[in-house]
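Participant: I am attaching a structure below and will ask some questions about it afterwards.
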Amino acid sequence: MKISTKGQYSLKAMVELAAEPGKEPVSISQLAQATGVTERYLEQLLPKLRSAGLIESTRGAQGGYRLLRTPEAISVGDVLRAAEGDLIPVDCVLTNEKACDREELCVVKYVWKRVMDSINEAVDAISLAELVHMRKPQTDISKKGEE
């Protein structure tokens, strides 16, 4: 299973927002500068995070994005599922419908189910707060662009 750039860049953006909890909204240009992700690409990613209830947006000159929950309450899994959809290695593990003609003979589905469960357990166990604590100190992104 490979996480796409949508998932990777969404996670980068969320870590930056998590570093600024409770502060003024962070503009898309500030997020772009802090993450190295283009504004145009962020404009495609952020609505999915907003729809998932992870962030809110504020319009206007002082507008931008901020977390809806504390960094401790948002897991890496929450972000990746918002950006990527279900984290599954193969489609047949999530359906009760017959995925293929040989499904009742397939013991390999058991492997994919365990892989899926392990991946989800791992990403759900890591909070944004943990990632913020692990990152190298940076300047306050709400101040970037004002220099």
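The values are calculated or read from the model by the stated rules, or taken from the named source; none is laboratory data. Bear in mind the structure is a predicted one, so any value in this text is a computation, not a measurement. Cβ placement follows ideal geometry from the backbone for every residue including glycine, while neighbour counts extend to all protein chains displayed. For the accessible areas, the whole protein counts, side chains as well, though only heavy atoms, and no ligand, DNA or RNA atoms are used. Shrake-Rupley method; radii C 1.70, N 1.55, O 1.52, S 1.80 Å.
Participant: Considering each of Glu20, Glu24 in turn, give the residue that is in contact (Cβ under 8 Å) with a residue 60 or more places away in the chain, outside any helix (DSSP H, G or I) and open to solvent by less than 40 Å² (accessible area, probe 1.4 Å).
Facilitator: Working: Glu24 fails: open to solvent by less than 40 Å² (accessible area, probe 1.4 Å).
None of the others qualify; the one that does is Glu20.
Participant: Which condition number in (1) more than 15 Å from Gly64 (Cα to Cα); (2) part of a loop (DSSP other than H, G, I, E, B) is the one that Tyr9 fails?
Facilitator: The failed condition is (2).
Participant: Which condition breaks for Tyr9 when tested against (1) within 12 Å of the chain's Cα centre (by Cα); (2) of a type in the set (Phe, Trp, Tyr); (3) more than 28 Å from Glu121 (Cα to Cα)?
Facilitator: (3)
Participant: Working only within the stretch 30-65, note down all residues that are surrounded by fewer than 17 Cβ atoms within 10 Å (Cβ to Cβ) and part of a strand (DSSP E or B). Full working, then the answer.
Facilitator: Narrowing the stretch 30-65 to residues surrounded by fewer than 17 Cβ atoms within 10 Å (Cβ to Cβ): 33, 36, 38-41, 43-44, 47, 50-53, 56-63.
Across the stretch 30-65, the qualifying residues are Glu56, Ser57, Thr58.
Participant: Within the stretch 90-108, how many residues turn out to be surrounded by 15 or more Cβ atoms within 10 Å (Cβ to Cβ) and either outside any helix (DSSP H, G or I) or modelled with pLDDT of 80 or more (or both)?
Facilitator: Restricting attention to the stretch 90-108, the residues satisfying the condition of being surrounded by 15 or more Cβ atoms within 10 Å (Cβ to Cβ) are 90, 92-93, 99.
Of the ones still in play, those that are also either outside any helix (DSSP H, G or I) or modelled with pLDDT of 80 or more (or both) are 90, 99.
Count: 2.
Participant: Is it the case that the stretch 34-51 has a residue that's in contact (Cβ under 8 Å) with a residue 60 or more places away in the chain, closer than 22 Å to Met134 by Cβ and not aromatic (Phe, Trp, Tyr)?
Facilitator: Kept after step one, since they are in contact (Cβ under 8 Å) with a residue 60 or more places away in the chain, are these residues of the stretch 34-51: 34.
Pick out the ones that are also closer than 22 Å to Met134 by Cβ and you get 34.
With the extra rule that they be not aromatic (Phe, Trp, Tyr), the set shrinks to 34.
There is at least one residue in the stretch 34-51 that is in contact (Cβ under 8 Å) with a residue 60 or more places away in the chain, closer than 22 Å to Met134 by Cβ and not aromatic (Phe, Trp, Tyr).
Participant: Quick check on this structure: which one of Leu11, Leu87 is of a type in the set (A, V, I, L, M), at pLDDT below 90 and surrounded by 16 or more Cβ atoms within 10 Å (Cβ to Cβ)? Walk me through it before giving the result.
Facilitator: Numbers: Leu11 fails: at pLDDT below 90.
Only one candidate qualifies: Leu87.
Participant: Could you tell me whether any residue of the stretch 109-124 is at pLDDT 80 or above, in contact with an Asp or Glu (Cβ under 9 Å, 6 or more places away or on another chain) and among the hydrophobic types (A, V, I, L, M, F, W, C)?
Facilitator: Yes - at least one qualifying residue is present in the stretch 109-124.
Participant: Output the qualifying pairs, or none if there are none: Cβ atoms under 7 angstrom, residues six or more apart or on different chains, first residue in the stretch 110-126 and without any contact (Cβ under 8 Å) to a residue 24 or more places away in the chain and under 13 Å from Val93 (Cα atoms), second residue open to solvent by less than 60 Å² (accessible area, probe 1.4 Å) and β-branched (Val, Ile, Thr).
Facilitator: From residues that are without any contact (Cβ under 8 Å) to a residue 24 or more places away in the chain and under 13 Å from Val93 (Cα atoms), the pairs are Lys113/Val93.
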